[in-house]
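> Quick one: this structure, given as structure tokens, is what I'll be asking you about.
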Amino acid sequence: MTTDIIEINNFVVLIEQSNEAKPVMARCDLDDQVIGILFYGSGNVVLDISYNNKTTTLNNSTGVVTSFYGNKKVEFIHNISHTKPLYSVSIFSTLDNINKLSQQEREIFTEHLAPLLKAEEDFVQGPQFYMTPEMQRAISKVFETNYTGPLRKMFLQSQVTELLAHFFAFVTSGKKTEIKELEKEKLYDAREIIISNMAKPPSLNELSKMIGLNSNKLKKNFKELFGIPVFKYLQSERLLKAHELLKSGEMNIQETAWHVGYESISSFSNAFTKMFGYRPSEVAK
């Protein structure tokens, strides 16, 4: 596992990669009052957060964005699965640093992350949702860049700023519907079914029957919970898997396209290029 730590505009940014043959467990603590925004481009991480004799568990899989407030009394244990490569970007800022931002930037944090900035407990979870395609493209560019030295820092600064802008744009749009816990469980089941059957996914009606939720609620609440419609989620998962396969060299472009459910190479190539900003041939080894 490799962790690249850089400081950008007084934000501490962790760029992490892991492709280990066995699970990895990592512990960390905070030395201040911190706001964290974490983007998981790929991977499966179970995050156990301990504070005041309580434990909160966050399941962070490919495509998840999560945020939180924490202080010195909080311990984090990252349980990183070996079943999928980890690519994540984590952005941290102390409360003092947020107070020193320009008035416009400070107002964005204050308006949209008020429960974190005014936390009454040692740990408070903030917005958590599934990445938009724009966020996924930004994450991909972070891990694909060949820049080094000052140019790399300049480039990463632009990507971190872009990620924060997309994060707050999504949070600003808001979620109008309060989804019941039982329905959330069904929607998470739907997501797992999509991921497990991306090459030959069930139809919307078949999926709604499999999880016991009518198709209208499935469509509406899936987008509310994950920030993206069912079909676009499927397409995003296919392309993320394709990127992983091409980068590892496991399959050629033709095999990869078929594996994730594309019959047409041109359709696959166009969708891939639209999502990542470069063609499959530029990733394939």
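> Exactly one condition in (1) among the aromatic types (Phe, Trp, Tyr); (2) more than 24 Å from Pro133 (Cα to Cα); (3) in contact with a Phe, Trp or Tyr (Cβ under 9 Å, 6 or more places away or on another chain) is not met by Tyr40; state its number.
(2)
> Which condition number in (1) farther than 24 Å from Gly277 by Cβ; (2) touching a residue at least 24 places away in the same chain (Cβ under 8 Å) is the one that Met210 fails?
Against the list (1) farther than 24 Å from Gly277 by Cβ; (2) touching a residue at least 24 places away in the same chain (Cβ under 8 Å), Met210 comes up short only on (2).
> Let me ask you something else. Would you point out which residue out of Val142, Val171 is surrounded by 15 or more Cβ atoms within 10 Å (Cβ to Cβ), of a type in the set (A, V, I, L, M), under 29 Å from Thr56 (Cα atoms) and modelled with pLDDT under 90?
Exactly one residue qualifies, and that residue is Val171.
> Which strands (runs of 3 or more DSSP E) sit wholly inside region 1-88 and have at least 1 residues that are within 24 Å of Ser236 (Cα to Cα), of a type outside the set (Gly, Ala, Ser) and not assigned by TED's automatic domain parsing to the domain that holds Arg191?
Where strands (runs of 3 or more DSSP E) fall fully within region 1-88 and carry at least 1 residues being within 24 Å of Ser236 (Cα to Cα), of a type outside the set (Gly, Ala, Ser) and not assigned by TED's automatic domain parsing to the domain that holds Arg191, they are 11-18, 34-42, 44-51, 54-61, 64-70, 75-80.
> Taking Gly70, is it in contact (Cβ under 8 Å) with a residue 12 or more places away in the chain, crowded, with 19+ Cβ neighbours inside 10 Å and on the phi > 0 side of the Ramachandran plot?
no
> Taking the stated definitions as given, is Val45 within 22 Å of Lys141 (Cβ to Cβ) and at pLDDT 90 or above?
When the stated conditions are applied, Val45 does not pass them.
> Just to be sure before I move on: is Phe155 surrounded by fewer than 20 Cβ atoms within 10 Å (Cβ to Cβ) and in contact with a Phe, Trp or Tyr (Cβ under 8 Å, 6 or more places away or on another chain) in the structure I sent?
So Phe155 passes the test.
> For the subset of region 8-28 comprising residues that are out of contact with any strand residue (DSSP E or B) (no Cβ under 6 Å at 6 or more places or on another chain) and farther than 18 Å from Phe109 by Cβ, which member is surrounded by the most Cβ atoms within 10 Å (Cβ to Cβ)?
Asn19
> Right, next: List the helices (runs of 4 or more DSSP H) inside region 191-285, counting only whole elements, that have at least 3 residues being over 23 Å from the mean Cα position of the chain (by Cα).
In region 191-285, the matching helices (runs of 4 or more DSSP H) lie at 204-211, 215-226, 253-259, 265-276.
> For residues that are out of contact with any Lys or Arg (no Cβ under 9 Å at 6 or more places or on another chain) and part of a helix (DSSP H, G or I), tally how many sit in region 171-185.
Result for region 171-185: 7.
> Sort out which residues of region 214-227 are surrounded by 20 or more Cβ atoms within 10 Å (Cβ to Cβ) and either aliphatic (A, V, I, L, M) or in contact with a Pro (Cβ under 8 Å, 6 or more places away or on another chain) (or both), and write them in order of number.
Leu218, Phe222, Leu225
> Does Gln235 satisfy being farther than 26 Å from Lys186 by Cα and either touching a strand residue (DSSP E or B) at 6+ places or on another chain (Cβ under 7 Å) or without any contact (Cβ under 8 Å) to a residue 60 or more places away in the chain (or both)?
So Gln235 fails the test.
The values are calculated or read from the model by the stated rules, or taken from the named source; none is laboratory data. Quantities reported herein were computed from a predicted structural model and do not represent experimental measurements. Heads up, the Cβs are rebuilt from the backbone with ideal geometry, glycines too, and the neighbour counts pull from every protein chain shown.
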